[in-house]
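As structure tokens, the structure follows; a few thoughts come after it.
What follows is calculated from the coordinates using simple rules that are stated; it is not laboratory data. These numbers were taken from a predicted model, which means no experiment stands behind them. Cβ: placed from backbone, ideal geometry, glycine included. Neighbour counts: every protein chain shown.
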Amino acid sequence: MPATYANPRYAPAPIPAAEERRQVVVGGAGLVGLTLALDLAQQGVQVVVLDDDDTVSFGSRAICFAKRTLEIYGRLGLGARFLEKGITWKTGRVFHRDREAYAFDLLPEEGHEYPAFVNLQQYYAEEWLVEACRAAGVELRWKHRIGAVTPRADGATLAVEAPDGSYVLHADWLLACDGARSFIRDSMGLPFTGQVFRDRFLIADVVIKGDVGFPTERWFWFDPPFHPGQSVLLHKQPDDVWRIDFQLGWDADPEEEKRPERVIPRVRAMLGEQVPFELEWVSVYTFRCRRLERFRHGRVIFAGDAAHQVSPFGARGGNAGVQDADNFAWKLAFVLQGRAPEALLDSYDAERIPATDENILNSTRSTEFITPKGEAARAYRDAVLELAARHAFARPVVNSGRLSRPSTYTGSVLNGPEGWAGGALPGTPAPDAPVLREGAPDWLLRHLGGAFSLLVFGPPEPSLPGALPRGVRAVFVDDAGTPGALWDHAGLARARFAAPAGGAVLIRPDQHVAARFATPDPAAIAAAHDRALAGASMEIAR
Amino acid sequence: MTLDTRPRLADPDALFALLVEAHRGLDAEASRRLDARLVLVLANHIGDMDTLRQAIALAREAG
Ligand SMILES: Cc1cc2nc3c(=O)[nH]c(=O)nc-3n(C[C@H](O)[C@H](O)[C@H](O)COP(=O)(O)OP(=O)(O)OC[C@H]3O[C@@H](n4cnc5c(N)ncnc54)[C@H](O)[C@@H]3O)c2cc1C
């Protein structure tokens with residue numbers, strides 16, 4: 001049905017001549033599996049990806065890509081494509097019945113390469129990831145379905161079914177990215193528990209040419225005149241596609257509600273008789289908030305929807321999965337390259353499970369506000385909305401989805417000293433800032449990540465790089481434009497770290513702050529670097 | 001903050017009358033919503049989650 005996008009069809013891979021043993025196998029070429037494969041390949045790891053289909057996401061599914069995700073794709077070399085094709089927005093408006101109750105601005109701060117959000121159909125993101133994976137040497141095997149999994153102490157043995165036949169593949173490491181219905185998870189008998197919400201939603205992606213009369217903002221209605229008693233969400237995507245999300249209630253019949261005869265009148269009631277539109281993609285869904293108890297099971301590691309699922313309110317599903325990949329890829333690469341002990345991998349659970357719980361908490365609370373169950377919940381929800389129109393104090397209580405925020409690994413065992421008070425603390429993703437490089441506009445984050453780096457707020461110190469642990473890159477940032485340093489001409493880089501002159505920040509390959517030092521003492525830096533890699537071996541009990 | 005449960009109202013009869021008066025003419029649903037709005041206004045005025053938790057616990061126990 002989609003009129004603006006034709007799914008590419010990738011040629012199925014031939015089957016190997018004999019049983020194979022591969023170091024890293026990614027199960028599932030969705031948003032998360034592809035991101036993980038690309039990150040690993042860029043870190044020099046050979047990866048095989050298996051997918052039971054031969055194309056990218058059918059229908060757009062995820063449309064809101066958050067700033068942190070965009071920064072991760074920036075690090076992986078795809079950021080410019082998201083900015084170019086995607087729709088940038090930062091204002092959300094909430095309506096109650098026929099009037100506006102509340103509006104919010106997501107990124108009031110200037111001086112970041114990436115905006116708070118870009119809207120883009122998931123299939124474009126996946127298509128670009130496929131291209132980038134190929135360029136990075138990832139072996140993609142389309143139409144290769146994992147039909148059986150036997151976990152072992154030294155990896156997992158897979159039975160793979162392909163169009164040309166079946167074969168056995170031994171993986172030293174299996175990265176399970178096979179989505180919410182994960183076959184790998186189910187066949188390992190791992191409980192996936194949480195809450196089911198008794199409600200149904202209709203997604204209608206519609207193409208509207210010309211002036212629609214809606215700005216590029218996120219509009220959310222509670223109990224609007226055109227869809228009484230329920231909620232509606234409207235969002236713009238590229239290619240003149242608009243996402244409309246109608247709450248239907250638990251009693252709605254999903255098959256019936258998907259029929260164009262049912263969908264078209266709903267959309268028309270909302271847009272008005274005079275606005276011509278075409279249906280692009282229609283889907284009815286229910287949702288859950290649940291997760292695996294642990295994401296690492298020996299040599300099998302779960303990421304993305306296979307590990308956790310949230311409601312779509314807040315755009316936390318895909319954005320969380322991309323952060324899983326960001327967190328795990330460098331750790332596995334370091335372990336495989338003998339630069340860190342295997343225990344480093346346990347910090348993936350230690351860091352991503354609290355992040356998941358935060359996503360589940362936010363998504364659950366939003367869901368309770370949007371679809372109040374019971375008379376009291378409904379009365380409080382409506383009371384908040386009634387007050388919000390006129391009273392500022394009630395506006396922050398309005399919850400139409402708390403949009404994805406970057407995860408902060410506060411208290412992670414990988415974190416070293418804080419060095420000074422305030423600014424971006426250990427565990428937080430390094431904040432971006434505009435800088436000048438040899439006089440040309442540039443961004444701080446472009447110089448961080450991929451490897452460990454030491455960000456030094458001062459002019460280049462020629463003896464420092466040689467005194468750093470192997471693989472740690474020195475990045476000098478000063479306020480005078482000294483040759484060899486990035487020029488923090490607006491003073492924002494230093495301000496966002498609240499760094500003293502001469503202060504230094506150790507930054508992990510995933511751009512998260514590991515440790516800070518008021519003065520860059522090589523011995524202290526080496527100890528923090530060790531802690532961010534190997535220190536994990538002493539601190540984390542399996 | 002500790003929830004203050006000492007008698008603090010100078011004119012308790014007036015408070016009772018005020019509450020009854022506020023609900024006059026409202027049906028059950030409208031009354032429920034008025035109470036909800038009132039709780040939200042007062043909760044914001046108190047502005048302290050800890051005190052509010054104690055208040056909610058006290059109210060539940062008393063019922
Ligand atoms: C309506 C809707 C709206 C959403 N909106 C947003 C949003 O705005 N922002 C956001 O961040 N997220 C959003 N999400 C969530 C987002 O789509 C998911 O979180 C994301 O797709 C998860 O990616 P994944 O790679 O983990 O799983 P998937 O994308 O599901 O990929 C799993 C892959 O595994 C393959 N696979 C499955 N089984 C096997 C097997 N046995 N062998 C081989 N391969 C297999 C599948 O073919 C598939 O390619 C939304 C979801 C929905 C449904």
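Before moving on, here are some points about what is shown:
- Extending 7 Å from the Cα toward the beta-carbon at both residue A:410 and residue A:58 defines two label points whose distance is 4.4 nm.
- Global geometry of chain A, whether rounded, prolate or oblate, following the gyration tensor of its Cα atoms and the 1.5 cut on a/c: oblate
- The shape of segment A:349-404 comes out oblate: with a ≥ b ≥ c from the C-alpha gyration tensor, a/c is at least 1.5 while a/b does not beat b/c.
- The stretch between residue A:80 and residue A:526, if pulled fully straight at 0.36 nm per residue, gains 157.1 nm over its current Cα-Cα span.
- The GluC sites (Glu not before Pro) of segment A:1-88 meeting both criteria, a DSSP state outside H, G, I, E and B (loop) and at most 10 other C-beta atoms within 10 angstrom of the site's C-beta, are A:19.
- Here the calculated FRET efficiency for residue A:7 and residue B:54, from their Cβ-Cβ distance with R0 = 56 Å, stands at 0.45, rounded to the nearest 0.05.
- In plain terms, the chain from residue A:358 to residue A:285 could stretch by 24.0 nm, reckoned as 0.36 nm per residue minus the Cα-Cα distance.
- Expressed to the nearest 5 percent, the antiparallel share of DSSP beta bridges inside the protein assembly as shown is 70 percent.
- You can think of it this way: the chain between residue A:390 and residue A:153 has 79.1 nm of extra reach, that is 0.36 nm per residue less the Cα-Cα gap.
- The label-point distance for residue A:278 and residue B:45, in a model that sets each label 7 Å from Cα toward Cβ, rounds to 5.9 nm.
- Take each residue in B:28-36, count the other chain C-beta atoms within 10 Å of its C-beta, and the mean is 4.
- Between the listed residues A:285, A:138, A:335, the Cα displaced farthest toward the positive end of the dipole of the protein assembly as shown, a dipole computed from Cβ unit charges relative to the Cα centre, is found at A:335.
- Label positions at residue A:195 and residue B:28, each projected 7 Å from the Cα along the C-beta direction, are separated by 2.6 nm.
- Estimated vicinal HN-Hα couplings, Hz - segment A:265-276 in sequence order (Karplus 6.51, -1.76, 1.60; Gly, Pro = x): x, 5, 5, 5, 4, 7, 7, x, 4, 7, 8, x
- Here's the picture: charge each Lys and Arg Cβ at +1 and each Asp and Glu Cβ at -1 in the protein assembly as shown, and of A:165, A:487, A:417 the one pushed furthest to the positive end of that dipole is A:417.
- Spatially close lysines, pair count over chain A: Cα under 14 Å, gap of eight or more or interchain: 4
- Charges were assigned to the Cβ only: +1 to each Lys and Arg, -1 to each Asp and Glu. The resulting dipole of segment A:195-288 about its Cα centre is roughly 200 debye.
- Taking amide H positions as modeled 1.01 Å from N, with prolines and chain starts lacking one, the residues under 5 Å from residue A:89 and 5 or more places away or on another chain are A:117, A:119.
- If you take the Cα centroid of segment A:164-180 and the Cα centroid of segment A:276-304, the two points sit 19 Å apart.
- Separation of alpha-carbon centers, segment A:327-385 and segment A:478-503, rounded to whole Å: 34 Å
- Overall shape: prolate for segment A:434-532, with the ratio a/c of the largest to smallest alpha carbon gyration tensor axis at 1.5 or above and a/b above b/c.
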